[in-house]
1. Report relative contact order for the chain in percent, whole number only (criteria: Cα-Cα under 8 Å, sequence separation at least 6).
2. Over all directions, how big on average is the projection of the convex hull of the alpha-carbon atoms in segment 2-108, in square nanometres?
3. Could you tell me how far the Cα centroid of segment 75-111 sits from the Cα centroid of segment 15-30, in Å?
4. Looking only at 56, 74, 41, which one moves most when the chain is put into a Gaussian network model with springs between Cα atoms under 10 Å?
5. Give the order of 64, 14 when sorted by the count of other beta carbons within 10 angstrom, beginning with the fewest.
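What follows draws every value from the coordinates through simple rules; no lab data is involved. Since this is a predicted model, take the numbers as computed values, not measurements. Don't worry about glycine lacking a Cβ; one is built from the backbone with ideal geometry, like all the others, and counts go over all protein chains shown.
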């Protein structure tokens, strides 16, 4: 079964790419994904300040810089995994370093 992990973070606590690369917990999580053969795709997103939000209402395209909602939490990355079931997806998500201070939402993929 395929799931997308939406990695949520608080920008004020978000580590740099270099800090993530040096973090033994993050290294262990990536090693676990390799061992399981679960990761299909994963990317880290740039800060929410660089976002552009698009809406189409009543025939008009509305474009705004930055996020739509004012919030500290933001989606900082996405990972597509394939694993046996939701229990395995939960185990993978629980091991993600951001689960310690942010959150990891698990969403099943329509297939």
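1. So the answer I get is 50 percent.
2. Numbers: hull surface 31.4 nm².
It is 7.9 nm².
3. A separation of 17 Å, based on Cα centres.
4. Highest fluctuation of the listed residues: 56.
5. 64, 14
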